[in-house]
Each structure stands twice: as structure tokens, then as C-alpha cells.
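Beneath this line is the structure, given in C-alpha cells, with notes to follow.
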Amino acid sequence: NGLILNGNSFVYTEELGFKIKEKTLEVWVELFSVEQEEVGVMSLGEMGDATDPFDSIVFNQRHKAEWMSCSEFFHRSQGVSGGAEKEKGILHHMVATYSEDGMISLYKDGQPYGTSYTVDSLHLFSEKSRVVFGARHIWQNSDEASNKKTKLFTSTGGLVGRVLRAALYDQALTREEVALNAATGSVKLWRRCEPCQHPKDKKNMDLLRAEFPKPTVIVETAKRGITMSQLRRVYRFACQHCHRWGHGKARNMKTLDLYDLCDWLIKPATWDFNCSLVEVMADRPQVPEWFVSHWWGELIMDFLRCLSEHSFLRGLAYNVCFWVCAYANRQHSLVGEVGSNILESTSFYKAMKKAKGVLLVLDEAATALERIWCAFEEFQAVTMSGAYRKHDQKDEEECEDTTMLLDIVVSHDGDPVVLTEGHVDHDDIDHKVTLSKASREERFPMSIIQRGLTLKLANAKASKPEDKALILRWMEAKDIGMDEANHRLRAIFAIASWRKCVMEKNVAEMKLHEILANDEKRTILKFDFSYLFQFEDCDAWYFAQGIPKSLQILEVSFEWCTQLGDAGLRAIADALARTEVRVFLLNLRSCNKLSGQAIAGLVERLPHTLRHLELQLNDKIDDTCVREIAKHVKEKADLIRLDLNFEGCGAISGSVMLGLVDAAVAPPQRKLQMLGLNISRCQNIKTRHLTKIAQALPQTLSELKLHCGRCEIRAEGFLALADKLTTLRLAKLDIRATPDLHWEALEGVKAYKKAWGNASGAAEK
């Protein structure tokens, strides 16, 4: 949803840490009212005093309902007569550029807004400058007694609206660059000129030779990845010159596809040297991290948006490379690149082998799903996917493998939506990564999901019939075969749509459980149904029916699924009993309809192959349930990692909790490596219980997690724990205690520190 601002709130960044003079402020903003006055959207300033310098994109200041660039005491401010806003609720792309020569220009939605003007000089902002959103200017308050600055700020010009995305550049963007970022390619930026009648017209060739002069030879096609900055460079050239590309068709950035780009830019730019386009931009080999599978008929601006969103979500560095066939292959000698009858010798296959993942880019019609070369690439991705890797005793705690990732992205109404294999760093919102991932993927178009659920690789089309015949023969000759690849691909779409289908009550109609169950060799499965208040026992039954028998790692959250009852949990327990699951992570927080008996029964039904168990339980758990869980944990002889969350379970006694710990470490053959206990707000657990828990910790332990906030545990209990820690060789320790427990005041705190001095390779303290 972006950053929502109410007129009294604002957000500021850390200090920049560098000086900046020439610059560009860029922001996507929605006004909730066009009546608000003198409001700042995005500002750059030193923010120490009310009189400190700043530059800001502001609305409705001095000129009714118009945009302008504002500064301290209006030193660098002028009205530009760009026109008044008449409607609220429209997302606008606003840009202000500040050139070294003093030229200040505004742009709205890719178009120049009003008239540019020149000031005597720009201000050189210091390293202490900050970027602010939602205010025209902010400054630090002073403490009246000491006259020193505080950490609190006062603001002026508060915005009522939404900021979706923003950027600060240390240079003034050109008109073409602004238009490209806005994805418009406005014809108003172009001069009238005679169109080129052929891609090799002298005018077009001269422009291309000037932009892409001399290549660097990169022998291996698989090492010709393209960076996002190089891709934008290509698109900027197209934005500047595609209006010249005639030949009976009017072209602009809203209609340009890769066929156009190849004919008018890629081929003529590489004609002189018979090279790839990457070779005229790179100065060294560029190994790809992601292989891009796509259809040439998609709009290039949609393609750019998709790759940009994927890079943002994955947190990719600026120099990460994507392998895109149009830019990597030498278009004038394709036979040498892809002409072999042995698919393993083609540039496509070799590039995929070097990449960590495949990014499937779809248009609204999901055309790439019907193209044979895309089918080949999808087949290879699911063949190498970590979701089907067998897990041995050494890696049972790993919940995903990066052998080959498959991400899928579509530009839906101009807004890219990405399905990622596994969660990404961007999903770590309030530590609910699976929920964040599921929520952002809910926007993936259902029309494409439905196409994916019935996908048949054999139905893919090809420009050359011999290509299709070759690829289909190759697929059938592989170990997994075409049918299994179909099941794997369909399962990806089923998993991505399951949460939305629960809300719409059409899981059965879409046959998601059958599609997932047919993915018979899947070993890893992650689901997040949390906060689905309508999730009922029938939904749990369908989920259970979909669990593949080959499953070894399952992570699922039902947090706040308040309608989930015992019958649904028993169905899941029955399904898991038929598997050989090694890792099971289950969140049942606030599932208050569940009984302790059903939860203990689930633990009982878990297979004896279990090595890692993590349970987050509802606060209705009592001693009877914990005793049963302890009994069944003791029976799991291979269990080496146990993490149990009893936060708020006030009915549990300390003696029963101690019995659970004893059961976890009791089997003589067990070598418990990790123990996690969250007993926060469990008031019946006292100092003496923690002392005995500490004494019970085994020497095999390498990781301990103990959360005991707001428990009635005095310092003596933690001193006993500290003494025990001196005898262990932990690699990880996570202790969270009562906030008012002053560690430095403890007489035995030195023993605690000594414990860490003795720890071998302590990674997290």
C-alpha cells in the first residue's frame, strides 16, 4: 500500500553521509485531497534548524492546486504554471531535477510540468542531510534547560496522501530518463524528424554507432548477462529514438516489443562487429545470476517493470546480471549459438547451468506458457529445483535449497506481481515472512493461475516445428519426464493461489488438493493461512489431502485461524503419519477452538523420521496436554531440534515443564543439538524450575533459545543458568528475560560472560 500519511506524520531517513548538489527527487504520490495547502511530498534538507536549507516537491503553495519546488525562504523557488490538480486519488509520478548550471525542472507522469527556470546557484547539502517524506521541512527541537538538540523533530507542511515509491539521484535526470522511469515515452519529448525507412538507414546507424561504439569480445555466450543499468541504457536510447523507426508502423514506448527492438536497435547496433548487444556495453564477461524466460511479443516497458520489481524483492545488487537471449546471443550468427540438435550445447542450456534461478516473465495472456523454448526452460528449472531434493541427516534443519529457483512475474495492469520460490528478505515484515509472501502473491491474476493449473508442456507452440520435436524428445528422455514436470509446474500455481481460494471458498472447485497431491516427489512445502478467520475444518481436510507422501519438510501457520477445530487437525495428523517428514514447523497461536488432546494427538502421529519439531501453541494449553506432548517427544528417537512456544500458557506448572525438558533429553541415543523454550507470561514457572532446567541441559547442545519475559524468576535462576553455560560449547544463544532484570547488577554476571569466553565459535550472542 505504500506509506500512508495523515497530515501529522512524516518519515525521515538516516543522515546521507555524503555531500550532494546536483540531484533529482523522484516520487510516486497520491493526494487524498486536492484542497490541502502548502504540503511537502519529498524533501532533502539539513534539518537542524527551522532556517536550514532544503529543497522539496510541494503541492498547493503560492499557486492554487499546483506543484512546485520549494526551498528555505523561497531562495530557489518559482511558480512554473504547470496546471492545477482537479482530482484526488490518482497516483502521480512527480520529479524535480536540479542541474549543476542552476536549471530546475519539474515533471509529472513523464511529461515536463510547466516551465523550467534557472537560479543563481544550487545549495551544496552536507553529509548530515536527510530525505523526508510527508512534510515540507523538519527541524530538531531544543531542550529548554540545556539548549541542546533533542531527537524529536518539528514539521511543517504535512501531507495527507500516499507515497508508493521514491528515489534520490546524485545527478539531474534527462527528459528521456524521466519519461522512461514513468514508463510513458511521451511524444512531446521528441522533435519532428524524417522517419527511418529501414533499420540500417544511415541516420539510425550513426546514432547507434555513437551510443554503442566498440565491443568487448565475450567468447562464452553463457557469460553475457545484462545488468539493470545496461538494460535501462538500451531502453533510454529506444525512448529517445523509437519515433524515428518507421517502415509503415508508428512506434512509441507504450507499444514497443522485443521484435521491434531487435529489428531496429539490437541487430543494426551489432551489425558492424557481428557481436551481441551485451558485448557493446560490457567491458568483461558478466556471469548471470538469473536466467530470464519470456516471450518476445511482450511490451518492453512491462518487461523492464517486471525485472525491476523482481530485483527489488530479491534485494539484488546493481551489478547482478540477467541472461536474456535477445541481448546475449549474436543475432547475426544464431546457428552458432542455438543451432545445435543437442540441447545441452545451446546457449540457453549453458546459461541456465550458470544461473541460480529462472525468472519466468509473463504478459497478461501468459503467452510464454505456450512457447516451446519457454517450456524447455521451465522444465529445466523444475528439474533442478531444491523443492524435490532428498534431505539427509546433515541438512534436516534447512527449509529450502537454492539448487535452482523458479520465480514467476507478470505485469498486471502495469503493476508487476512476483511469485517467488521461498520467501525473500523483503518479506521479513514483523517477522511474519510466510504471511507477507502469501499476502503479496494474492494479487497474482487468477486468470493466469487458472492457465497454470492446467498447463501441458506438450501443447506449447514453436515458430519452427523441428524445435518443438527436438525439445519434446529431450524432455521425454529425462528422468522426471514430461508428466511429472507438468505436475511440478501446476503445483507452483496451486500453492500460490491456495490462500486466495480459501477466502473465496473454491479450493475444491479448482482441485488444488489433487494438483498438489499429484506433485508426488515434492519434499518441501510451506504454507501460511494465518489470519484467515474463515479457515475451517473442511479447508484443513483439503490441505491434508494435498500433502504429498514424499514430503520431508513442512512449514505451515494457522495463527488466528479461529474456526480450525480438532477434526481439521486430526486430518492433517493422519496425512503426516503417511509421510517420512523430517522437519515440521507448525504455528497454532490463537487457534482457541483446538483442544490440547488434538494437539498432543498430532505430535503422537508424527513419523519417527522426525528430526526437527517447532510448535507455537495456543494459550489454552494445560498440564495434561504438555504431559502428553512430553510423552510423544520422548518416543521420537531421531529428534535433535526441539523448539516449543508456550507464551501466555498460564495454566502450565513448572514441574510439568521440567518434565518436558527431561523427556527431550532423556533417550540415551539422542544427541539434542537445539532446544528452544518460550515460557513468557507462564507465571507458574519459578526460579527453582529454571535452575533445574539449566541442570538438565545436555552437553550435546549447540543452540539454546530461552524466552522468559514476565515470569516470576529471580536472579538466582539466571545465575544457575550462567553456571551451566560455562560447561557448554554453544554456537547460538538467545535469552530474553524480564525487562526489569538488571544483568549488570547481578553478582555472578562475570560467570555469564565467562561462558561466552569459553564458547567455541559463538556466532550469535
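The values are calculated or read from the model by the stated rules, or taken from the named source; none is laboratory data. Note that the structure is a prediction, hence the values are computed from the model and not measured. Note that we place each Cβ from the backbone using ideal geometry, even for glycine, and neighbour counts take in every protein chain shown. These accessible areas exclude ligands, DNA and RNA; they are computed on the full protein's heavy atoms, side chains included. Shrake-Rupley method; radii C 1.70, N 1.55, O 1.52, S 1.80 Å.
Of the two radii for segment 573-700, the radius of gyration is 0.94 times the Kirkwood radius, both from the alpha carbons; that is the Rg over Rh value.
Nearest 10 degrees is fine. How inclined is helix 654-665 to the longest principal axis of the chain, computing both from alpha carbons? Tilt of helix 654-665: around 80 degrees.
Using only alpha-carbon positions in segment 44-171, the gyration tensor eigenvalues give semi-axes of 27, 18, 13 Å once each is multiplied by 5 and square-rooted (largest first).
Averaging the sequence gap over all C-alpha pairs within less than 8 Å and six or more residues apart, then dividing by the number of residues, gives the chain a relative contact order of 7 percent. Of the residues Met68, Tyr12, Trp28, the one whose Cα sits farthest towards the positive end of the charge dipole of segment 6-70 is Met68 (charges of +1 on Lys and Arg Cβ, -1 on Asp and Glu Cβ, taken about the Cα centre). Relative to the longest principal axis of the Cα atoms of the chain, the long axis of helix 465-477 makes an angle of roughly 10 degrees. Report the calculated FRET efficiency for Lys21 and Ala167 (r = Cβ-Cβ distance, R0 = 22 Å), to the nearest 0.05. FRET efficiency, Lys21 to Ala167: 0.80.
Report the one residue of Cys374, Asn587, Leu569 whose Cα lies farthest in the direction of the positive end of the charge dipole of the chain (charges on C-beta: Lys and Arg +1, Asp and Glu -1; origin at the Cα centre). Of the listed residues, the answer is Cys374.
Entry comment: accessible area of the chain is 43 Å² per residue, from protein heavy atoms only and a probe of 1.4 Å.
Residue by residue, segment 49-60 carries 3J(HN,Hα) couplings of 10, 5, 9, 5, x, 7, 10, 8, 7, 10, 10, 6 Hz when phi is fed to the Karplus relation 6.51 cos²θ - 1.76 cosθ + 1.60 (θ = phi - 60°); x denotes Gly or Pro. Its DSSP H runs of at least 4 residues, each contributing -39,500 (n - 2.57), put the calculated 222 nm mean residue ellipticity of the chain at -9000 deg cm²/dmol, to the nearest 500.
Annotation: amide H of Leu406 within the under-5 Å range of Val358, Glu421, sequence separation 5 or more or interchain, hydrogens built in the peptide plane. Charges were assigned to the Cβ only: +1 to each Lys and Arg, -1 to each Asp and Glu. The resulting dipole of the chain about its Cα centre is roughly 1080 debye. Along its three principal directions, the equivalent ellipsoid of segment 450-496 from the Cα gyration tensor extends over semi-axes of 22, 14, 5 Å, largest first.
Treat every Asp and Glu Cβ in segment 42-130 as -1 and every Lys and Arg Cβ as +1, leave all other atoms uncharged, and give the resulting dipole magnitude about the Cα centre to the nearest 20 debye.
Details: 8 positive and 13 negative charges, 85 e Å.
For this selection, approximately 400 debye.
Were the residues from Ala477 through Met503 laid out at 0.36 nm apart, the gain over their Cα-Cα distance would be 5.3 nm. Segment 542-641 has equivalent-ellipsoid semi-axes of 19, 17, 11 Å, by the square roots of 5 times the alpha carbon gyration tensor eigenvalues, sorted largest first.
Give the relative contact order (percent, whole number) for segment 196-274; include only Cα pairs under 8 Å separated by 6+ residues. Please report the intermediate quantities before stating the final value.
On the way: 41 pairs, mean separation 37.7, N = 79.
Across segment 196-274, relative contact order equals 48 percent.
Whole-percent P(r), the chain, all Cα pairs, 10 Å bins from 0: 2, 12, 18, 19, 20, 17, 10, 3, 0. Accessible area of Arg578 (1.4 Å probe, protein heavy atoms only, ligands and nucleic acids ignored): about 130 Å². Taken over segment 516-594, the ratio of Cα radius of gyration to 2.2 N^0.38 Å equals 1.03. Take every Cα pair under 8 Å in segment 545-669 that's 6+ residues apart, average their separations, divide by the length, and report that relative contact order as a whole percent. Reported as a whole number, the value is 23 percent. Placing unit charges on the Cβ atoms of the charged side chains and taking the dipole of segment 410-566 about its Cα centre, the candidate lying farthest along the positive direction among Gly452, Thr523, Thr434 is Gly452.
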